[in-house]
1. Expressed as a rounded percentage, what relative contact order does segment 159-310 have, with Cα pairs under 8 Å and six or more residues apart?
2. Would you mind getting me the FRET efficiency between residue 295 and residue 128? Use the beta-carbon distance for r and R0 = 41 Å, nearest 0.05.
Amino acid sequence: MAFLWSRVPIAAKTFVVCTLAAIILSSLGSVLFCRAASDDNKGRAESVVGVDMSLAKEVVAAQAGLEHTQETNFLVCTILSVALGILAARRVANIRRTLGQHAERMRSGGPDSQIDASRADEIGRFAETFKETATGLRQSRERLKECTSVDFMTGLANYVYFHERLEYEIERAALQGSELCVLLIDIDKFRLLNDAFGRDVGDGLVQQVAAVLSSNVRKKDVVVRYGGDDFGVILLDTGLAEGRDIAERLRAKIARHAFLSLPADRLPIRAFRTEEEPIHLTITVGVAAYPTHHSTKDGIVMAADVALCQA
């Protein structure tokens with residue numbers, strides 16, 4: 001560059017000495033051509049400028065090399081910028097696609113997968129926020145499912161869970177070629193007990209019956225509060241004859257049990273002595289079996305309900 005700037009006075013002197021001189025400059029100000037001011041000086045430009053014009057040729061050559069280098073650098077920078085832009089766009093597109101897949105799983109309630117939030121840039125922070133949101137939604141979904149499948153008074157599963165589980169177990173039994181039984185249980189004359197002792201004591205009796213039933217079946221069996229004073233039991237891998245035996249055993253167990261006439265909020269105390277007389281209850285049980293009575297969930301429940309009414 002110092003070499004080029006040292007040749008600039010050549011152009012300046014030419015303008016000062018020869019007002020009619022013709023000089024062609026490049027866009028960057030370099031001397032491309034210098035013509036004498038008059039025909040007398042034609043071919044002797046150095047007599048006008050005062051220096052050997054071969055220097056101008058050096059300037060032109062050097063300037064041309066510089067321009068070529070600058071154009072090359074500009075082209076390289078442009079290519080690199082485009083390449084980096086493409087890589088960044090692909091990276092963002094991949095992240096958007098990944099987050100979109102997670103969002104779709106969240107929307108459909110499917111299983112969650114791990115989101116990489118290890119990046120320290122804005123994308124990483126966005127992924128971390130998305131991950132926290134997904135975790136919160138999953139926890140809310142689990143709480144909602146618990147609220148819709150658990151009877152909070154007895155701690156047993158409820159009507160909704162009973163039907164979902166029964167449908168699943170029927171499909172499993174069909175694949176494995178096994179059997180199952182459904183018991184529908186009703187506390188006899190429960191409305192009269194509610195009227196005589198009040199709803200609080202009635203709720204306490206429901207809790208106690210739930211405890212007796214759940215403690216007298218196998219761990220793999222399912223006991224639910226079907227609604228009000230009704231209960232349901234799913235006996236897995238159980239045929240009709242065995243199911244009827246279990247139903248009779250539960251009926252006898254309830255009949256022998258001395259229930260406390262205490263409100264539900266006092267039952268955890270489980271006092272050994274109470275001034276109130278114990279209450280004796282009886283239950284009625286309807287039994288239906290898969291595949292003996294029916295091969296569908298609704299059909300088996302209906303068969304058990306009919307058996308309950310006829311018992």
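Each reported figure results from applying straightforward, stated rules to the coordinates on display, with no laboratory input. All figures in this text were calculated on a predicted structure; none of them were measured in a lab. Every residue, glycine as well, gets a Cβ built from its backbone with ideal geometry; the counts of neighbours run over all protein chains shown.
1. Details: 232 pairs, mean separation 52.4, N = 152.
Relative contact order, segment 159-310: 35 percent.
2. Numbers: r = 50 Å, r/R0 = 1.22.
Rounded to the nearest 0.05, the efficiency is 0.25.
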